[in-house]
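As structure tokens, the structure follows; a few thoughts come after it.
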Amino acid sequence: MGKYFGTDGFRGEANEVLRVDHAFKVGRFLGWYYGQEHKARVVIGKDTRRSSYMFEYALVAGLTASGADVFLLHVTTTPSVSFVTRREDFDCGIMISASHNPFYDNGIKVIDGKGHKLAADVEAQIEAYIDGSLGELPLAKKEHIGATTDYVAGRNRYIGYLISLATRSFEDMRVGLDCSNGSAFMIAKNVYQALGANVFVIHNEPNGMNINQNCGSTHIEDLQKLVKEKKLDVAFAYDGDADRCIAVDEKGNVVDGDLILYICGKYLKENGHLNGDTIVTTVMSNLGLYKACDKIGLKYEKTAVGDKYVYENMIQNDYSLGGEQSGHIIFSKYATTGDGILTSLMIMEVMLESKMSLSGLTEEVRIYPQLLKNVRVADKKAVRENPRVMKAVEEVEGELGQDGRILVRESGTEPLFRVMVEAATDELCEQYVNRVIDVIRKEHLEEI
């Protein structure tokens, strides 16, 4: 974790944590870095936040000042930037988005020429340039100054790619979409209509300030109501940059990333398309997922939280499927990042090929109640090494046994400790989480 770049790029409140001068310098560095041996080509996409235009122009100024040619996808999804970058031989891609965060936050995600997140050592060099320790970079002159091109065609090619992945028509399927007033609003409805679905779309009117506002993958309630009111077969919610997907079945029940991993993993395994018969999860996945996987011989790996770590594990071991409970799902055959629209298409394939409802596909999994609480602390190291805190955690582990689990981890970006418990009942979760938090407070480790 760097000074500015976290697991998902440079993110923070616009003009407070992430400023225009930061974006300009990111552009200046990338234009120079990729342009040392040839004229750099960089593609940029953005979500619907009011500040995204501001950062887009700042990045363009920096890139072209360093001699790079820039291609603008305009409002589009994070996975589409990754797709275009790797398919059309760009040196790198940039997505301007803060994903599921509120509109006043924004972020800069840099994707390398292979469609992967930028290497940590390059991010460290960008940070050094931002802080002035790298020295000044040369400016392009005369004909070497970069140019900017409108590149909506790249986004259209991505839409065509998604449509090409469907194995069956969606005719007669009633499908709901919650586009979170974000990036998916330009793409998702077009894809589903082209495939013949009867589509019902909500939260598809972005105004720069309503992205993720009581909608999308983190606020599923409106989509659940839509399913019941319109008697839909299935519905999908995306986040601000559409790299996540959460589903709702025909009964109005939420189908999160863990359940998506199960139904897609089982389907791929049964059809001989799941490498190593293994899915890749994070430590936050529900115990119920693992118990269900054990019953059908579906193997699993566990990584640190973050789709970056999931994808690293998948690449190292040549696995086909991985993701997070939050709905970041990666199908390595088709994409190098989580892709919400792609994930929804894969769920549709499982439903149509198996001729089963989504509720029927998930009924084998018993999801355990889960409770997560954050504690703001003065010193994360002091909490991590405190013997009484560790003893409390061990006691909870012993009492839960095989019928639950506790996970205590520190935030990578904030002065927080996260205490999560899964148990047979909500009451037990509350009891065990509070027991550990009480010890943290009694040890005077909580920030006052």
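The values are calculated or read from the model by the stated rules, or taken from the named source; none is laboratory data. For clarity, every value in this text was computed on a predicted model and none was experimentally measured. Here Cβ is always computed from backbone atoms with ideal geometry, including for glycine, and neighbour counts include all displayed protein chains.
Asp241 passes all but one of (1) within 15 Å of Val75 (Cα to Cα); (2) in contact with a strand residue (DSSP E or B) (Cβ under 6 Å, 6 or more places away or on another chain); (3) touching a residue at least 60 places away in the same chain (Cβ under 8 Å); (4) among the charged types (D, E, K, R); which number fails?
(2)
If we keep just the residues of region 31-58 that are touching a strand residue (DSSP E or B) at 6+ places or on another chain (Cβ under 7 Å) and among the polar types (S, T, N, Q), which is surrounded by the fewest Cβ atoms within 10 Å (Cβ to Cβ)?
For region 31-58, the residue satisfying everything is Ser51.
Does Ser332 count as free of Cβ contacts under 8 Å to residues at least 24 places away in the same chain and touching a strand residue (DSSP E or B) at 6+ places or on another chain (Cβ under 8 Å)?
Yes: the conditions hold for Ser332.
Just to be sure, is Leu358 of a type in the set (A, V, I, L, M), modelled with pLDDT of 95 or more and buried (at least 18 other Cβ atoms within 10 Å of the Cβ)?
yes
Taking only region 138-156 into account, find how many residues are more than 17 Å from Lys46 (Cα to Cα) and either surrounded by 16 or more Cβ atoms within 10 Å (Cβ to Cβ) or among the hydroxyl-bearing types (Ser, Thr, Tyr) (or both). Reasoning before the result, please.
Taking region 138-156 as the starting set, the residues that turn out to be more than 17 Å from Lys46 (Cα to Cα) are 138-147.
Imposing the further condition that a residue be either surrounded by 16 or more Cβ atoms within 10 Å (Cβ to Cβ) or among the hydroxyl-bearing types (Ser, Thr, Tyr) (or both) reduces the set to 140, 146.
Within region 138-156, residues that are more than 17 Å from Lys46 (Cα to Cα) and either surrounded by 16 or more Cβ atoms within 10 Å (Cβ to Cβ) or among the hydroxyl-bearing types (Ser, Thr, Tyr) (or both) number 2.
Tell me which of these Ser164 doesn't satisfy, since it passes every other one: (1) in a helix (DSSP H, G or I); (2) modelled with pLDDT under 95; (3) of a type in the set (Gly, Ala, Ser).
(2)
Do any strands (runs of 3 or more DSSP E) entirely within region 238-305 hold 2 or more residues that are at pLDDT 95 or above and under 16 Å from the mean Cα position of the chain (by Cα), and if so, which?
Those strands (runs of 3 or more DSSP E) span 245-248, 278-282.
Identify the residue in region 196-219 that is crowded, with 20+ Cβ neighbours inside 10 Å and in contact (Cβ under 8 Å) with a residue 40 or more places away in the chain and, among all such residues, is farthest from Asp243 (Cα to Cα).
So, considering only residues that are crowded, with 20+ Cβ neighbours inside 10 Å and in contact (Cβ under 8 Å) with a residue 40 or more places away in the chain, the one farthest from Asp243 (Cα to Cα) is Pro206.
Can you run down the residue pairs with Cβ atoms below 7 Å, 6 or more apart or on separate chains, where the first is in region 100-117 and without any contact (Cβ under 8 Å) to a residue 12 or more places away in the chain and the partner is surrounded by fewer than 23 Cβ atoms within 10 Å (Cβ to Cβ)?
none
Inspect all residues belonging to region 248-270 and state whether any of them is touching a residue at least 40 places away in the same chain (Cβ under 8 Å) and closer than 19 Å to Lys189 by Cβ.
Yes, that holds for at least one residue.
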